[in-house]
Amino acid sequence: MTLETFLLLAAALFAVGLFGALSQQSVVMVMMGLELMVNGIVVAGAAFWHYVAPGAADGQVLVLVAVSVMALEMAVGFAVVTALFRARDADTTDEAGDLRG
Amino acid sequence: MSGERTPVWAVVALPAAVGLLAYAVAVFDAVAVEGMRGRAFARPLRRAALLAVRQRRTTLAADRLLLGAGVAVLPAAALLAALVVPVGGVPVVASPVGIVWFNAAEVATWAAAWLVGWGPNAAFSLVGGYRFLAQGLAYELPHMFVLITVAVGAGSLDLTAVAAAQRHLWFAVQMPVAFALYLVSASALAFWGPFAHPLDGALGADLSGADRLLFLGGRCAMLAVAGAAAVPLFLGGGAGPLLPAPVWSLVKTLAVLAALVFAGARVPRLRMDRFLAAAWTVLIPVALLQLLVVAVTR
Amino acid sequence: MGVRARLARYAAGLPAPFVVAVPGGARCRVAVEAELRRRGWTPVADPVACDALLVCGEPGDELAAAVDAVWAGVPAPRVRVDLPSRASAREVAAALDGLVPVLADVPAQRAEAARTAAKPWPPPAEHAEHDDESGHGGGGMEMGGPGGVALASRAPDRDGLKLDVLHVPLGPVLAWWPAGLRVAVTLQGDVVQSADVELLPGAVAETFWDVPAGTPRRAAARRRAAARLDALARFLGAAGWPARAAEAARHRDDLLADAFREARVRRFARSVRRSRTLRWMARGVPPSYLAWLDDVETTLAELHEPGEDPAAWRNGERGSCARGGRDAAGCGERGPGFRELGESLVGVELGTARLIVASVDER
Amino acid sequence: MIPATVLFWALAVGAVAGGVAVFAVGSMARATFALLASFLCVGGELLVLDLDYLGVLVVLMMIMEMLVMAVFMVMFMMNPAGLMPMSMVHNRWGALGISGAVFAALAAGIVLTPWPHRAGRPPRDPTRALGLAIMGPKMPVMMGIGLAILATMIASVVLATRRGRYGDAE
């Protein structure tokens, strides 16, 4: 239960989230992958606060910001999916690739 | 958790205490709807016995795992919420963030309602389940602001400190609007009485046997724990002349529960679309105003 | 036999009945409800939670099929009692006495449980013309979905999205629901997209609430007030106010048995009328319950008037909004009949739909 | 109390298993609740690190978020209960390769870099420290979050409702 083990957990969550975000077609599932990645950041932030700089509250503020980012990302994500579903009657990323270079 | 050693018997006594309180709620409900003559004390026991021995009902392509999870989450949430509620000044787990923990356990009733709605793969229970989300959100925000108001009034998130902060003036008197809002939103989060919208959408219609016993028992337990939490939050915890603190806590809890159940029986079930608009436009501003008043005057 | 048997016997002491209303069986239903109240056996809200299914009257074949489908879903221990629509109070009492021994007979109930062992409700025939054990919907024009039920089709909804549409029947076996009414509802989420109303006939026509010619004025008035209170009980039940619904039913039975205290009925009517919450909830729903309250109060008032010409009663010119005097002036706004119910249910949320159906009283 | 190390490893395995289950399980409803289980384990990890307030906050927010996600999941997904076998995945192996490589790189970095030792002691009540920080020196962070939430609310309402930006034009 040292800093390294917490960071390994954070890395594992980040990697699983990345896999999900890359491999899933449905936008809702991609958002779940993103949530897992931000979750990794929350664990890393808390570990750094506990093991490196408990005196200052910066680590805790980072965790607070990360949790808020998760909530906001989900809200906007579902708004986009609703608009996409109304316009194109589809919610998969393939059909929303117009901006692809 | 930085609580000190929790007494072992407390961990065993807690489910028993919550069960007894849930039974008290069931008896109040039987008396409120059918009056005293219907052998009110035996009725909940007989109905519980009936559910205990019944077959489970299976529907087509049901999701047994999630249905089982939903049915188990409700009583578990009630127990988790009861962990931090001090009875006469001593909670089972002395958590410094008791209020937030209690609120987290109450939100778990949303998960229970949705899971039980989704599980049996039936149209009406699905409607009852997912509609509870909109209702939950409309009641959770005023509930959260009320709990924050209490925390601001007491200057701490720990329920024992909140009870101690009411030595000379109870919060029910200092912030009556918050107390009323708490009673409304607490019974709404246990979908009780006028707020039993999911049940009229037949949320529990496809449950029978042990599932139904756990689910409806969990609902009574959730209301019981919400009533028990009202004591340290608003009624000065165990403080009171003559009787020892735990007895006062029990008396106040039963009084709050009786008030909730009997008042609930006197009002028809509120129609969801009508009341949600009122919840958003009336309850939340009122809760914010109460928070402002307490923050300024403290 | 251990704990389960003792628990089962203990539970059988207080049966949980569910009363199935059948067109033509009003006399039997009222007698059953009065007897259940006397014994303190409160009816439960849905058939799955009941262990005693009481069918009051002789259902037509379609309604009988619906009742059998519901009965198949009732888990053991269970008992079913079919009462004739002409059942007298004594027959009803005898039938109810027979409930407890059947429920307490643990070995028989265990056999019953084994027989109906956990077989999920089979989807209706038109979905899956498949032989039993395959369980996979082979036939039907939709591709066979899992377990023989096709995936929900989609249709545009009021927010401009194309979402799942469910075709679900409301009734005919429901608590606080008109006898024999089935509303085939197309649901999108909890909003009704379309509803077509169907009345499943009973074997016998409904005559209990009619006021035959030449009945004495007092009896006719009591019968009419009881009819209104019966409709009020159903409306209050559908509005989720069990305490008041039970009170309305009790006054109805007192009126029918001519053992009523007028002051108490008036106090009940006044308190229901004064309930602001009920009025707030009933906005958007035809407020026929207010008209019924007027009926009850005017009928009670007419009980004291000196010797009226009974003929005036028969065709109901002065009478209250009885079935005869339906369109008499000052009768309050009439709710839609069952036929016109379909349109008023479109675009309405499920809870409101039940209130609209309960606010129709086609005696 | 259960020794912290055992608790840590149990919750860590739970969190990663939940995360993997999200993309392995067929039924969308089960995927949502696997993600919720993973978040609850992370909330537990924060409690193990004596961050009481933040741990319970994560649990509270995540239950609400995952339920809202479950409702959207059922609304939009063609096959929410996973009863019809269908796979909604593209270039599965490419994604696996990339995420594996990322994890290896991160793990190597974690193990190799000499992390600084702890400076200062954790305060008696971390929640109070957090509160004073966001009301004091970190006030701009709170205002930033507040503005972001406001902007999100407006954006999501405008995007989600049919009327769009120009009233009932269409």
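Each value in this text was obtained by applying a stated rule to the coordinates, not by laboratory testing. Since the structure is predicted, the reported quantities are computational estimates derived from the model, not experimental observations. All Cβ positions, glycine included, derive from the backbone under ideal geometry; neighbour counts span all protein chains shown.
For region B:22-93, what does the alpha-carbon gyration tensor say about shape, rounded, prolate or oblate, given a ≥ b ≥ c as the root eigenvalues, a/c under 1.5 as rounded, and a/b over b/c as prolate? In terms of gyration-tensor shape, oblate.
Suppose only helical runs count, i.e. DSSP H with n ≥ 4. What mean residue ellipticity at 222 nm does that imply for chain B under -39500 (n - 2.57) per run, divided by all residues and rounded to the nearest 500 deg cm²/dmol? Taken over chain B, the calculation gives -23000 deg cm²/dmol. Which residues in region D:119-157 have a backbone N closer than 16 Å to a point placed 7 Å from the Cα of residue B:288 along the Cα-to-Cβ line? It comes to D:146-154, nothing else. For the peptides B:278-287, B:265-274, C:225-234, B:143-152, the ranking by packing is C:225-234, B:143-152, B:265-274, B:278-287, with the highest mean count of neighbouring Cβ atoms within 10 Å listed first. Every helix of 4 or more DSSP H residues in chain A counts as -39500 (n - 2.57), and over all residues that averages to -27000 deg cm²/dmol at 222 nm. Using DSSP, restrict attention to beta bridges with both residues in the protein assembly as shown and report what percent are antiparallel, rounded to the nearest 5. So the antiparallel bridges amount to about 70 percent of the total. Per the Cα gyration tensor, region B:154-280 maps to an equivalent ellipsoid with semi-axes of 30, 18, 12 Å, ordered largest to smallest. Solvent-free Debye calculation, one equal scatterer per alpha-carbon of region D:1-81: log10 I(q)/I(0) at 0.25, 0.26, 0.27 Å⁻¹ equals -1.10, -1.14, -1.19.
Helical content alone sets the calculated 222 nm signal of chain D at -24500 deg cm²/dmol, taking -39,500 (n - 2.57) per DSSP H segment of four or more residues and averaging over every residue. For residue C:187, the residues whose amide H sits under 5 Å from its own are C:166, C:167, C:168, C:193, ignoring neighbours fewer than 5 places away on the same chain, with H placed 1.01 Å from N. A dipole drawn for the protein assembly as shown from +1 and -1 charges on Cβ atoms has a positive end, and of B:161, B:284, A:33 the residue lying farthest that way is B:161.
Once you sort the root eigenvalues of the Cα gyration tensor of chain D as a ≥ b ≥ c, which label holds: rounded (a/c under 1.5), prolate (a/b larger than b/c) or oblate (the other case)? It is oblate, given that a/c is not under 1.5 and a/b is not larger than b/c.
When the protein assembly as shown is described by a simple charge dipole with +1 on each Lys and Arg Cβ and -1 on each Asp and Glu Cβ, the residue from D:15, D:159, B:24 located farthest towards its positive end is B:24. May I ask for the Kirkwood hydrodynamic radius of region A:1-80, worked out over all distinct Cα pairs and given in angstroms to one decimal? One over the average 1/r among Cα pairs gives 13.1 Å for region A:1-80. Treating r as the C-beta distance of residue B:56 and residue D:5 and R0 as 45 Å, the FRET efficiency rounds to 0.65. The distance from the alpha carbon centre of region B:83-103 to that of region B:52-67 is 35 Å, rounded to a whole number. If only the Cβ of Lys and Arg carry +1 and only the Cβ of Asp and Glu carry -1, the dipole of chain B around its Cα centre is close to 740 debye. Inter-chain neighbour count for C:34-44: the average number of beta-carbon atoms from partner chains within 10 Å of each residue's beta-carbon is 2.
Relative to the compact-globule estimate of 2.2 N^0.38 Å, the Cα radius of gyration of region C:153-308 comes out at 1.30.
A simple spin-label model places pseudo-atoms 7 Å from Cα toward Cβ; at residue A:5 and residue C:207 they are separated by 8.4 nm.
FRET efficiency for the residue D:117 to residue B:251 pair, using the beta carbon distance and R₀ = 60 Å, is estimated at 0.65. Here, chain B has an Rg and a Dmax of 18.8, 59 Å when only alpha carbons are counted. Across region B:213-298, the fraction of Cα-Cα pairs farther apart than 19 Å, rounded to a whole number, is 62%. Partner shielding of C:11-22 amounts to 3, given as the average count of beta-carbon atoms from other chains within 10 Å of each residue beta-carbon.
Counting Cβ atoms of other protein chains within 10 Å of each Cβ in C:348-355 and taking the mean gives 5. Only Lys, Arg, Asp and Glu carry charge here, each on its Cβ (+1 for the first two, -1 for the last two); on that basis the protein assembly as shown has a dipole of about 2820 debye about its Cα centre. With the alpha-carbon atoms of region C:10-100 aligned to their principal axes, the span from lowest to highest coordinate is 36, 29, 20 Å, starting with the largest.
What the pair-distance distribution of the protein assembly as shown shows, using all Cα-Cα distances binned every 20 Å from zero, is 13, 42, 34, 10, 1, 0 percent.
Using only side-chain charges placed at the Cβ, +1 for Lys and Arg and -1 for Asp and Glu, the dipole size of region A:3-94 relative to its Cα centre rounds to 80 debye.
By the count of neighbouring beta-carbon atoms within 10 Å, fewest first, C:167, D:117 end up ordered D:117, C:167.
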